[in-house]
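Step one of this worksheet: look at the structure below.
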Amino acid sequence: MRRNLDAASRLTKQSSKLEKTPGRIHPRFCGFRVVKFRRTGESSRSDEDGISGEHEVQIEGVRTELEPVELGDGAAVPKEFANPTDDTFMVEDAVEAIGFGKFQWKLSVITGLAWMADAMEMMILSILAPQLHCEWRLPSWQVALLTSVVFVGMMSSSTLWGNISDQYGRKTGLKISVLWTLYYGILSGFAPIYSWILVLRGLVGFGIGGVPQSVTLYAEFLPMKARAKCILLIEVFWALGTVFEVLLAVVVMPTLGWRWLLILSALPLLLFAGLCFWLPESARYDVLSGNQEKALATLKRIATENGAPMPLGKLVISRQEDRGKMRDLFTPHFRWTTLLLWFIWDFTQIHRRQEVKAKCSLTCEYLTEEDYTDLLWTTLSEFPGVLVTLWIIDRIGRKKTMALSFLVFSFCSLLLFLCIGRNVLTVLLFIARAFISGGFQAAYVYTPEVYPTATRALGLGTCSGMARVGALITPFIAQVMLESSVYLTLVVYSGCCLLAALASCFLPIETKGRGLQESSHKEWGQEMVGRGSHSPGESQE
């Protein structure tokens, strides 16, 4: 060990072959230069990306191999030594070093409120549609349109909110979309006629299109080791939102009616609107847009709240880029990924909005207590779906998790061809919804991981927009097509899910064990595996 420290003290420059790593060179102590490495608990390189060969450095004209140095705790020091003049760190380094703590717990709750609000606005469609069908004597196509107009609004705005979030900040886009949704959500409770509620619910959908950007903001503050688990656990808030909406409907609908249900369903949005001003802007966004001081202040705030030390050195400003440009989603490295993700998100939303009632009658009927019970049971399937996905996503990877979830859903849909009773039907729908929810959430983990910071919000926004295409046609499949043929409806659901499973397998990039990419000007994976140079073939494994 003494021999290596002596060699390090005479280090004058690093070989041009040596990769830069976030090591630290501290001032002389007891006559030696001490090399200090970050202890984040998790390397930012993938498990399969080992270090091959011996690094060499030039010391006073003599090329000498450096062997691993043993620290006091018995852990081997990596062979890569930082440039003595390079005492810097990136946002990724800081996030990993600070780790998960009190700040992320608070952020989880606030992000969860946004997801609860989103889930309640989606679930209310299943309750509002049959109520207005009977109360206002609406034909089936108008009932379907009442649901579809919400998704038209979401589809038309998702890309816009993504662009705003990439151009002006994640926090800005999220605040505007939440306040928009809150205003029109409450206002729709006062709609006097069908045309009014149609327009107002469409405007609500326009605002909901920005809610997924909460995941973009959330993911950019999460260390790599906790990212998949945390984003998946946000699904718990979605499930809580759907359960809360059903229970709220059981209490409110028989006494106060659907108008009060619409107003009270905006409560999570009201809470989020009051708390979102606590949210900081993403440090990754600030660095990319050149606001180094603001990003550093945000990181110091997180370190203080978590009770963790900040990394030593100077925060590196990433290369400033044009942000939120659609063309960046179709560069050679991301073109195939973008198209496949659009395909997957589209079909996922078709299945997630599946509503098959265990009734033979399709005439006007108010929802009964038994209907609410069935709706509650299928909604509770969100919880085991999250647990299964949570258990497998870091074991088999994001792509295989999505594929497996879609295959199980397809199999359960095919079983509905059999003549089965109400109880068996409810069980099959429970399992199907559990796995489609897991697949949908796995897509939410994968999408922000695969795009760089400059286009992360836009990438998620466009995927969310494409998902609304599927959600848009779902009411016509589940209500109009169902009147013609139950079997044809099941074939559509099952067949689309098989195609989504196939598309998941063909995704060219697996993001398991990788950090978030900062710059779109580097090969995918460079910054995540030590910021070294990799061939294109290696970067996408």
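What does the charge count near Gly461 come to, summing +1 for each Lys or Arg and -1 for each Asp or Glu among other residues with Cβ under 12 Å from its Cβ? Charge balance in the 12 Å sphere: +2. The local environment of Ala191, defined by Cβ-Cβ distances under 13 Å, has a net charge of +1 under the rule Lys, Arg +1 and Asp, Glu -1. With all protein chains in place and a 1.4 Å probe, the accessible surface of segment 251-315 carries 66 percent carbon and sulfur.
Taking each of Lys225/Lys294; Lys225/Lys400; Lys102/Lys314; Lys102/Lys512; Lys171/Lys225 in turn, the alpha-carbon distance tops 22 angstrom for Lys225/Lys294; Lys102/Lys314; Lys102/Lys512; Lys171/Lys225. Here segment 100-206 is assigned +1 on the Cβ of each Lys and Arg and -1 on the Cβ of each Asp and Glu. Its dipole about the Cα centre then comes out at about 340 debye. Solvent exposure of segment 134-219 amounts to 34 Å² per residue of accessible area, where only protein heavy atoms count and the probe is 1.4 Å.
The values are calculated or read from the model by the stated rules, or taken from the named source; none is laboratory data. Everything numeric in this text was worked out from a predicted model, so none of it was measured. No Cβ is skipped: glycine too gets one built from the backbone with ideal geometry, and neighbour counts run over all protein chains shown. Quick note on the areas: whole protein, heavy atoms, side chains included, nothing else; ligands and nucleic acids left out. Shrake-Rupley method; radii C 1.70, N 1.55, O 1.52, S 1.80 Å.
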